[in-house]
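*Asks:* Just passing along the structure, written as structure tokens.
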């Protein structure tokens, strides 16, 4: 029933109600009952009409889908006349205006309404695994407005304070300094994205920004630890730390870390952290005594990552089989520009292609005030005499 029929039915009904005053009570009750039944039918028809306009069926999915050209053709009067035994030898249908808009392409598979079951759309994106240990969080931070941080650093000297006897010269100490430099470098990356997608799915833009920021921090983490100090690169902690080689002995990796701490303490610094590869930390956690009991907690009650009253940071930025320990107060991360996210259409032909460029970058530097405050080396110890045997073998082969 369309809106014209509904209007006509209502006019007829209300016209009958106006004439009710000239009728008996029984006639009025009968007509009111009939009116109620008709109104109920009208309600059902209106609901059905609204559902059709909304494209909803009784089972809660779209049923008012667009017809394909083939379906529209076989339902046309021209086709029915041709197959109904008429004189017409052919049938022709012309699609124009709104008719053309209402017809789907000939390939039914691209019509989403063709699926018997509506797809289960899950808009949330599940992010892959991400590192949760950051080297820069172990170190104090500062800010700078320059592209180079220059600072004096003690190079060496002799501290020889001593007694002074009557008439003798007092002892003279000597301190030597050098000017060290920490270049402020840029870490950045970018990607192209569709403007329409970002406009239509705000969550996707937020996800991209998060992942891009994570990429910058991962590179930052690795460079603060292992940077080679080349031009435009960070001079990382490992590259500046004093090399440590454990003396020959029956040492395990936990022993080696303690000896490395002692090497730092020998220069009057207090180690505050150690960095290990997660696989090396797992090896330490799995250590057992002769009875087979775990030394560091149990699988049901693992201990916090600490050794020798010192926090252990495990990150895959640290090469396996190596460690770093040191006094965090003797280093500083300088921020010239914090992690920054920019989105621009003014990049090459982005405007014409409806694309945007997402750029994430930061500028920072690292200074180490005393290289002796950090120690790095291998977690394993060569067997006693192994170097001698190797040298002897090399000699005999030459």
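The values are calculated or read from the model by the stated rules, or taken from the named source; none is laboratory data. Computed from a predicted structure; not experimentally measured. When we count neighbours, we look across all protein chains shown, and the Cβ atoms used for this are built from the backbone with ideal geometry, even at glycine.
*Asks:* Can you pull out every residue in the range 351-370 that is touching a helix residue (DSSP H, G or I) at 6+ places or on another chain (Cβ under 8 Å) and over 25 Å from residue 179 (Cα atoms)?
*Replies:* 354, 355, 356, 357, 358, 360, 361, 362
*Asks:* For the range 243-279, which residues satisfy the criterion of being within 35 Å of the chain's Cα centre (by Cα) and outside any helix (DSSP H, G or I)?
*Replies:* Result: 271, 272, 273, 274, 275, 276, 277.
*Asks:* Checking the condition at pLDDT below 90 and surrounded by 14 or more Cβ atoms within 10 Å (Cβ to Cβ), which residue from 205, 176 passes?
*Replies:* 205 is the lone residue from the list that is at pLDDT below 90 and surrounded by 14 or more Cβ atoms within 10 Å (Cβ to Cβ).
*Asks:* Tell me which of these residue 332 doesn't satisfy, since it passes every other one: (1) closer than 30 Å to residue 258 by Cβ; (2) surrounded by fewer than 17 Cβ atoms within 10 Å (Cβ to Cβ).
*Replies:* Failing condition for residue 332: (2).
*Asks:* Pick from the range 336-372 the residues that are assigned to a strand (DSSP E or B) and more than 27 Å from the chain's Cα centre (by Cα): which of them is surrounded by the most Cβ atoms within 10 Å (Cβ to Cβ)?
*Replies:* Here the answer is 368.
*Asks:* For the range 235-249, state whether one or more residues are buried (at least 16 other Cβ atoms within 10 Å of the Cβ), modelled with pLDDT of 95 or more, out of contact with any helix residue (DSSP H, G or I) (no Cβ under 8 Å at 6 or more places or on another chain) and under 28 Å from residue 182 (Cβ atoms).
*Replies:* yes
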